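Colleague: To start, I am sharing the structure in question, which I have written as structure tokens.
Bear in mind that the values in this text are calculations on the coordinates, not laboratory data. All values reported here derive from a predicted model rather than from experimental measurement.
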Amino acid sequence: MPMTIKDFSAKTGLPPSKLRYYEGKKLLVPAQRQDNGYRLYLEEQIPNALMIHSLRQAGLSIQDIREFLDAEEKDKNEWIKKWREDVDAKISLLQIAKQYLGGVNPTISGGLHLIKWEKPATFIWFKHNVKRKNHPFAGYIEKDRIRTERLGMTIYPGVYIKTLEASSMIISGEVGFCINEEQIPSISEEIDFYVETTQPSLFASLEVKSSNEFQCFNYMQVLRNYGFQPIGEKLARYEDIRDQTYQLMIPVMRSR
């Protein structure tokens, strides 16, 4: 039996103003309009009304809900899966925010900061084995930059270093540059460089003196004090190859 908006409101617990709002957004349209303009709803619309309101309370957008309602039944599980992944990402970010705020000291300058890469970043990496010393890859940076430019690639600001293995005498690592992803060359597997795309990420970042090779180990302890767990290889970012300091960047979360 059709219900007026007042009766439908009583059945669903949703105020009439909210029902009119959902109607205006084309999420929940009355089954019928009387000649006098009164809205009439059906009993079978109650589950839909409650789902729409619940999805809104869960923070989902009007557009997403509309597309979800219009989707075929077989596709709705994919929408729910995507929403769960989004919620998981938000929970992870909130946990990181809590850890950061729990360790930050506003009276101390410097210290740990959070840096987010909003978009995927494409890098060209050159492999090197070098003698252990301060700033061990400095002699290769300009050479690798020239090689990158000769390949016809645009280089964005910054130089990146990955230290992969270290012994008492030798360090194995890579020198990298962030490049335009549309200019990636054809690369043979036998040469000493490769191209890699890093997904959007959140990094814990600390400023390190390049003259102190042990300082980064001390900062890893700082990272643990905050409760952060690295989820990938740490990066050393130099704004300029002549800089005496660099940003130690440790990925703590992959963004979506």
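Colleague: Report, ordered by chain and residue number, the lysines lying within cross-link reach of residue 25, taken as a straight Cα distance under 25 Å and ignoring same-chain residues fewer than 8 apart.
Modeller: 6, 11, 74, 76, 81, 82
Colleague: Please report how far the C-alpha centroid of the range 227-256 lies from that of the range 1-29, rounded to the nearest whole angstrom.
Modeller: The range 227-256 and the range 1-29 have Cα centres spaced 52 Å from each other.
Colleague: Shifting gears a bit: Once you keep just the Cα pairs under 8 angstrom separated by 6 or more residues, what percentage relative contact order results for the range 3-70?
Modeller: About 31 percent, as a whole number.
Colleague: Considering the alpha-carbon set of the chain alone, what are its Rg and its Dmax in angstrom?
Modeller: Over the chain's Cα set, Rg and Dmax evaluate to 27.4, 89 Å.
Colleague: Given axes a ≥ b ≥ c from the Cα gyration tensor, I'd like to know whether the range 25-95 is rounded (a/c under 1.5), prolate (a/b larger than b/c) or oblate.
Modeller: Taking the square roots of the gyration eigenvalues as a ≥ b ≥ c, the range 25-95 is prolate.
Colleague: Also: Using a/c under 1.5 as the rounded threshold, could you call the range 113-254 rounded, prolate or oblate? The axes a ≥ b ≥ c are square roots of the C-alpha gyration tensor eigenvalues, and prolate needs a/b larger than b/c, oblate otherwise.
Modeller: Oblate, because a/c is 1.5 or more while a/b does not exceed b/c.
Colleague: Filter the DSSP H helices in the chain by two things, a Kyte-Doolittle mean of at least 1.0 and an axial alpha-carbon span of 15 angstrom or more, and list the hits by number.
Modeller: Helices meeting the criterion: none.
Colleague: Below 29 Å Cα-Cα, how many Lys pairs turn up in the range 113-254? Only count pairs eight or more apart in sequence, or on different chains, if you could.
Modeller: Taking the range 113-254 as the scope, the lysine pair count is 27.
Colleague: Please give the length that would be gained between residue 88 and residue 168 if that part of the chain were fully extended, namely 0.36 nm times their separation in residues minus their C-alpha to C-alpha distance (nm, one decimal).
Modeller: Contour length minus Cα-Cα distance gives 24.6 nm.
Colleague: Cut-off under 17 Å on the C-alpha distance; same-chain residues fewer than 8 positions from residue 18 excluded. Which aspartates and glutamates are left, in chain and number order?
Modeller: The reachable aspartates and glutamates, counting only those whose Cα sits under 17 Å from residue 18, are 7.
Colleague: Would you pull out the residues with amide H under 5 Å of residue 255's amide H, same chain only if 5 or more places away, H placed 1.01 Å from N?
Modeller: Residues meeting the criterion, in which the H sits 1.01 Å from N, are 201, 202.
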